[in-house]
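The values are calculated or read from the model by the stated rules, or taken from the named source; none is laboratory data. Because the structure is predicted, anything quoted here is derived from the model rather than measured. Note: ideal-geometry Cβ built from the backbone for every residue, glycine included; neighbour counts use all protein chains shown.
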Amino acid sequence: MFLRPTIASKLYFKKDHRNHTMKAIQPIIIATLITLTGCATGKNYSQHEMISESTERVFTYDYSIPKSDKNTLWKRARDYFAATYGDSRAVFRIQDESDGILIGKGIHTWIFADVLLCSNEYHVRFAAKNEKARLQFELIQDVPALSKCLGYPLPSKVAYQDMVKIFSETSSNLEKALTGEEQPNDFKNF
């Protein structure tokens, strides 16, 4: 007596055969996708690498402003940062006019792989003396609470280049404010 296969058993064998084939092909498909993705993003990956610990992290700018006393330079710097950041107290936790210093923190936010908002903090220090001043930025090796990039205590290479550019522009604009060339707030001029 022969058993005749039913329609249900035929479907079962066909499904089982397909599943077995898919399981065999699945690693090949995944490997191909990884390879293609790697080829497509391989050139851009290096820009997302974190800078090395040996990369310069302290940027110091010195200014020589003849015929300017310490208090005048300090007030011009404070006013410049207040106009630039909206409020100098939001940036500086120490503002000591008698010593001519401003000490605070800044944060730079950048985008990782067009998806994640990452952040890195830096110290901002300003010191004024008679006829000279100094501005210093120092990158902090830590992951701020706001950052979504927990593996990046230092910025990516692209973010680092942006930060260096911002530090340089800030220094240039501060120098104009210290010399009195550029008044950041024209409100008092009436």
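Figure legend. Inter-residue proximity from segment 169-180: first residues under 14 Å from residue 62 (Cβ atoms), second residues of a type in the set (D, E, K, R) and surrounded by 15 or more Cβ atoms within 10 Å (Cβ to Cβ), beta-carbon distance below 9 Å, spacing 6+ or different chains. Indicated pairs: 174/76; 178/76; 179/76.
This table checks each residue for (1) without any contact (Cβ under 8 Å) to a residue 40 or more places away in the chain; (2) under 19 Å from residue 139 (Cβ atoms); (3) crowded, with 17+ Cβ neighbours inside 10 Å.
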| position | (1), (2), (3) |
| --- | --- |
| 59 | no, yes, yes |
| 66 | no, no, no |
| 79 | no, no, no |
| 85 | yes, yes, no |
| 91 | yes, yes, yes |
| 94 | yes, no, no |
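Quick grid of which residues meet (1) in a strand (DSSP E or B); (2) at pLDDT below 95:
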site	(1), (2)
125	yes, no
136	yes, no
148	no, yes
158	no, yes
161	no, no
167	no, no
170	no, no
173	no, no
178	no, no
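Scan segment 76-87 for residues that are under 21 Å from the mean Cα position of the chain (by Cα) and part of a helix (DSSP H, G or I) and the total you get is 3. Of the set (1) surrounded by fewer than 18 Cβ atoms within 10 Å (Cβ to Cβ); (2) touching a Ser or Thr at 6+ places or on another chain (Cβ under 7 Å); (3) over 17 Å from residue 178 (Cα atoms), all apply to residue 118 but (1).
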